[in-house]
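The next block holds one structure in the form of structure tokens; read it before the comments.
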Amino acid sequence: MSRRLQYIIFVLWVLALATTPFWATNYIVRLAITIAMYTSLALSWNFIGGFTGYPSFSTAAFFGLGCYAGAVSQRHGVPMVLAWIVATFFVGAFATGLGAIILRMRGHYFAIASIAVVEVVRLVVSSWGSLTGGGDGLNLPLLTGGPNAVARIFLLVMIAIMVIVFVVTALVDRSRLGFGLRCIQQNEDAADMVGVDTTRYKVAAYTLSALFCGTVGAAYASWIGYIEPSDSFSIIMTVKVPVMCLLGGPGTMLGPVIGTAAFTLLEEVFWANFLDYNRAILGAVIVVLIFFLPGGLLALSWRDLVKRFAFRPQKAST
Amino acid sequence: MAYLQTLVNGIVLGALYACLAVGFSLVWGVLNIVNMLHGSLIVLGGYLTFFAWHGYGISPLLALPAVALLLFLLGYVIQSVAINRVIGAPVLTTLTLTFGLDLILYNFMTVYYTATPRRVTLDLGPIDIGGIVVPLDRLLGMLLALLLTGLLYFVMRRSRIGRAIVAVRMDSAAAALMGIRVKRIYAITFGIGALMAGATGAIFAVVYPVTTNLTGTYLGKAFVVCVIGGLGSVPGALVGGIVLGVIESFSGQFFGPQHALTVGFVLMLVLLVVKPTGLTGIKGYE
């Protein structure tokens, strides 16, 4: 897919999401907010998981920290938008420091360390009651103007974040950084050998993957108005986001966008019919994805698919 | 004296942790797969034991071998049907796949059994040795856990299957050249991992409540024990389990029980950075 076509598709998608209040029900508007939010998270994860190929499962830690950083600063009198910016930089700084430590590991060890980070941050947040309210959670002032107006505002906010992340992705994709990250993904030792500063590149990718999770988290906290540890640091989210990205096509610009849209729609359809089985559905999506869509939806070649189903190859009979 | 009691509690807990982690460690070491299913398999073993006891009055001791065998079969099938297809794929693929399978198993258990905690209550009472009090059901659990771990060690060292597993672990290509059917060994190894999980579940059903809410906790413990002890070896899991048990026991006393878990995870993160091969590990053999 050419670069221009990808931009066009993305712009059309943004327009479709942004205009939902004018042509769809409140339910669809809410869905659009969720899609925009998860698209930002999946695009963020794409920096470390897609471009660099590191199995990072710390999205929920960044998102949750963003929620709490935003909420705590808002409760201390910081204006809402400024609180989001504070959360962004706080989470970015956290990821830089953490990345410098855990990015020395590879493979399973990195994956496990990144999951453990989610747990440790969640446990610290839930036991630091004086600042975070502990297990009771935190309440935030709700915006005035009625639920519809609030939903419109946050729809635009989430879409704005999504557009920013997409622009950053497009910039990274074309830049030296993106090239270096792809080299690391293919062969880290070789990349190191030819002069890619692997540690710095990896930390940059990890920080990028965290930065906007912080913004999204803080905006989410302001939108929902109430946060608590098990919701903010959900282990399901930490897997869902990579799965969305993998479903679309990791390491591409449009992959996370398409993957998130496909996943969310799938989830909604099943959710409406099989409420008790939402985890199993995520599991089934994963199994199908791994076995039948190894490169994601974007890697599907429609011509091959048509060929395979239309002209089934005859088995040699002996 | 109080310290001695804490130490004993820690060791009892540690033996249980060793049994919990040894199957996970074996699968990770031999197949190079982080088995996210482990926690759910333990809980499944717990449920089977509970319902055998509750419904038919079968003692957990008798149910244990049957549960272990059932889970072995389940593990063998899961590996042959699903995981063997992605062996050797990048970590992201294998980890996500086992996580997906875990979500499915977890979901079905929650729907069929609901998350209500259940427990096999044997009411054996505590035993008092020179002022140190240990609940008898825990002590029994510890002995069973040690016995099973020892048995696994013996199987790995002495039996043909065990030697084949070790050979595959060291060099699967060379093992294949020596006539070992590697895929089958993978399935057997995963089966043994599930077997140990089922047996652990049977033991834990006597000591802890059985509920699906605990799958993540058990999995977390298995991670920590493996990282502390080093991968793929029975003694490693034993050392890791007992170290974790003692540390949790003491940190629970000093910082309060709610922080015991955090201390374990922080310890794991530090060890991962400082010495990723674990306390008993050999460099370059991870």
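Most tightly packed first, judged by the mean number of other beta-carbon atoms within 10 Å of their residues, the peptides B:11-20, B:171-180, B:47-56 read B:11-20, B:47-56, B:171-180.
Extending 7 Å from the Cα toward the beta-carbon at both A:Leu143 and A:Phe179 defines two label points whose distance is 4.2 nm.
Shielding value for A:104-114 is 6, the average number of Cβ atoms from other chains within 10 Å of each residue's Cβ. Annotation for segment B:150-191 versus segment B:16-88: alpha-carbon center distance of 18 Å. Using only DSSP helix segments of four residues or longer, with each worth -39500 (n - 2.57), what per-residue ellipticity at 222 nm results for chain B after dividing by its residue count and rounding to 500? Calculated from helices alone, the mean residue ellipticity at 222 nm is -25500 deg cm²/dmol.
Backbone geometry of segment A:247-258 corresponds, through the Karplus equation with coefficients 6.51, -1.76 and 1.60 at θ = phi - 60°, to 3J(HN,Hα) couplings of 5, x, x, x, x, 10, 7, 8, x, x, 5, 5 Hz, x marking Gly and Pro. Helices in chain B that qualify as membrane-span-like (whole DSSP H runs, Cα extent of at least 20 Å along the helix axis, mean Kyte-Doolittle hydropathy of -1.0 or higher) are B:2-31, B:38-56, B:60-81, B:91-113, B:136-158, B:182-207, B:215-229, B:234-255, B:260-274. Under the simplified labelling scheme, the A:Arg106-B:Arg163 pair shows an inter-label distance of 3.3 nm, with each label point 7 Å from Cα along Cα→Cβ.
Partner shielding of A:240-249 amounts to 1, given as the average count of beta-carbon atoms from other chains within 10 Å of each residue beta-carbon. In segment A:135-158, which residues have a backbone nitrogen under 19 Å from the label point lying 7 Å from B:Ala115's Cα in the Cα-to-Cβ direction? From segment A:135-158, the list is A:135-138. Residues A:Tyr7, A:Tyr68, arranged from fewest to most other Cβ atoms within 10 angstrom of their Cβ, appear as A:Tyr7, A:Tyr68. Computed from phi, the 3J(HN,Hα) profile of segment A:176-192 under the Karplus parametrisation 6.51, -1.76, 1.60 (θ = phi - 60°) reads 4, 4, x, 4, x, 5, 5, 4, 4, 4, 6, 6, 5, 5, 5, 4, 4 Hz, with x in place of Gly and Pro. Excluding same-chain neighbours fewer than eight residues apart, the aspartates and glutamates reachable from A:Lys202 by a Cα-Cα span under 15 Å are A:Asp173, A:Glu188, A:Asp189, A:Asp192.
Among the residues of B:84-94, the average count of other protein chain beta-carbon atoms within 10 Å of the residue beta-carbon is 4.
Taken along the Cα-to-beta-carbon direction at a fixed 7 Å, the label points for B:Phe254 and A:Val306 span 6.9 nm.
As a proxy for reagent exposure, B:Val22, B:Val263 were ordered by neighbouring Cβ count within 10 angstrom, fewest first; the result is B:Val263, B:Val22.
Bear in mind these aren't lab numbers, they're just calculated from the coordinates by the rules spelled out. Here the structure is a predicted model, which means the values were calculated and not measured. Glycine also receives a Cβ, built like all others from the backbone with ideal geometry; neighbour counts cover every protein chain displayed.
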